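Just so it is clear, none of the values below were taken in a lab; they were calculated from the coordinates. Computed from a predicted model, the values in this text were never measured in an experiment. Ideal geometry is used to build each Cβ from the backbone, glycine not excepted, and the neighbour counts take in all protein chains shown.
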Amino acid sequence: MPSSIAAAWPSPGRFALALIPGLVLTLAIAWLWGATLVEAILPATRIMLGWIDDRFGILFLGVEHNWQDTVVRLRVNILQLFVMGGQVIGESPTGWLEVTTTTGAMLQPLVIGPAIAFALPGAVRTRILAFALATLLAFGFLLIDLPLTLHAYVWDMFVDYLDPDRFSPLMVWHEFLHAGGRLGVAVILGLAGWRLARKAA
C-alpha cells in the first residue's frame, strides 16, 4: 500500500468508533423518514417500471405498514403476449401478480454508505462533505435499485415456474443484491463519497 494511502487510512479501532455516530444518525433518519422518502420516489419508480418492461400494467404501487415491516408493494397484470419456456403468456384482465420488498432492504446503502464516508479520515468539513456526497450517490442508486428490484421479483415468478434454466443478467444482479450485495454497494458508495470529498478539499 502506498505510504500516502496508508497514512490516510484509519486503524480498525478508530474507524469502528467513528462509524458509530454516523450509523446512529443515518439509522435514526431512516427510521423517521425512510418510508416517506421511498414513497416520494414512487412516481419516478412507476415511470421507470414502464421503461423497463411495458408488458406489465401497474395496478397498485405503494408503501404499506404491517405488524412486522414496512414494505413497497407492487401489483401488476399482463398487457401483452410473450413467450417463456415454450409457453405463451397472455393478457389477463382479471388476474394479477403481486410482489413486495422491504423499505429497510432498499435503504441499506443510504444508511451504511454515508456513515462509512463520515467515519473515514479527514477534517470535519471534509467528512461532512463526504457524508453528503455519499448520501447523494446512495440516493441515485436507490432511484435505480427500487424499480429493478420490483421488476426482478415479478420476472422471477415466471422464470421459476416456466424456465428455471434461463440466464438473465437482471436475475444475476438481483440475486447478487439479495445475497448481501447491497452492503458491498454501500461500502463502494461510501468510499466514493470520501474520495470525492478529499479531492474537493
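What is the spread of the Cα atoms of the stretch 62-179 along each of their three principal axes, largest first, in whole Å?
61, 33, 23
For the stretch 38-87, state which chymotrypsin sites (Phe, Trp or Tyr not before Pro) are in a DSSP loop and have at most 10 other beta carbons lying within 10 Å of their beta carbon.
When the chymotrypsin sites (Phe, Trp or Tyr not before Pro) of the stretch 38-87 are filtered for loop state and at most 10 Cβ neighbours within 10 Å, W67 remain.
Expressed as a whole number of Å, what is the distance separating the alpha-carbon centroids of the stretch 39-67 and the stretch 156-179?
20 Å
Starting from the Cα-Cα distance between A132 and M157, subtract it from 0.36 nm times their residue separation and give me the gain in nm to one decimal.
Contour length minus the Cα-Cα distance gives 5.2 nm.
Longest exposed-loop-site-free stretch of the chain, with trypsin sites (Lys or Arg not before Pro), DSSP loop and at most 16 other Cβ within 10 Å?
Answer - 56-165.
Under 8 Å for C-alpha pairs, at least 6 residues apart: give me the relative contact order for the stretch 114-201, rounded to a whole percent.
After rounding, I find 54 percent.
For A123 and W33, what is the calculated FRET efficiency with R₀ set at 30 Å and r taken between the beta-carbons, to the nearest 0.05? Mind dumping the intermediate values first?
Values: r = 28 Å, r/R0 = 0.94.
That pair, A123 with W33, gives E of 0.60.
Among Q108, V76, Q87, whose Cα sits farthest toward the positive end of the charge dipole of the stretch 62-201 (+1 at Cβ of Lys/Arg, -1 at Cβ of Asp/Glu, about the Cα centre)?
Q108
In nm, to one decimal, how far is the L143 label point from the L23 one, both placed 7 Å along Cα→Cβ?
The answer from the label model is 2.9 nm.
So which helices of the chain fit the span-like rule, where a helix is a whole DSSP H run, its Cα atoms reach 30 Å or more along the axis, and its mean Kyte-Doolittle is at least 1.0? Don't skip to the end; give the middle numbers.
Details: long enough: 12-40 (37 Å, 1.45); 124-162 (55 Å, 1.32).
Qualifying helices: 12-40, 124-162.
Would you order L79, L74, L129 from fewest to most other beta-carbon atoms within 10 Å of each residue's own beta-carbon?
L79, L129, L74
To check you understand DSSP bridge types, tell me what percent of the beta bridges within the chain (both residues inside) are antiparallel, rounded to 5.
Numbers: 18 of 18 bridges.
So the antiparallel bridges in the chain amount to around 100 percent.
Take the Cα coordinates of the chain, assign each an equal point scatterer, and use the Debye formula without solvent to give log10 I(q)/I(0) at q = 0.09 Å⁻¹.
Here the Debye-derived log intensity ratios amount to -0.43.
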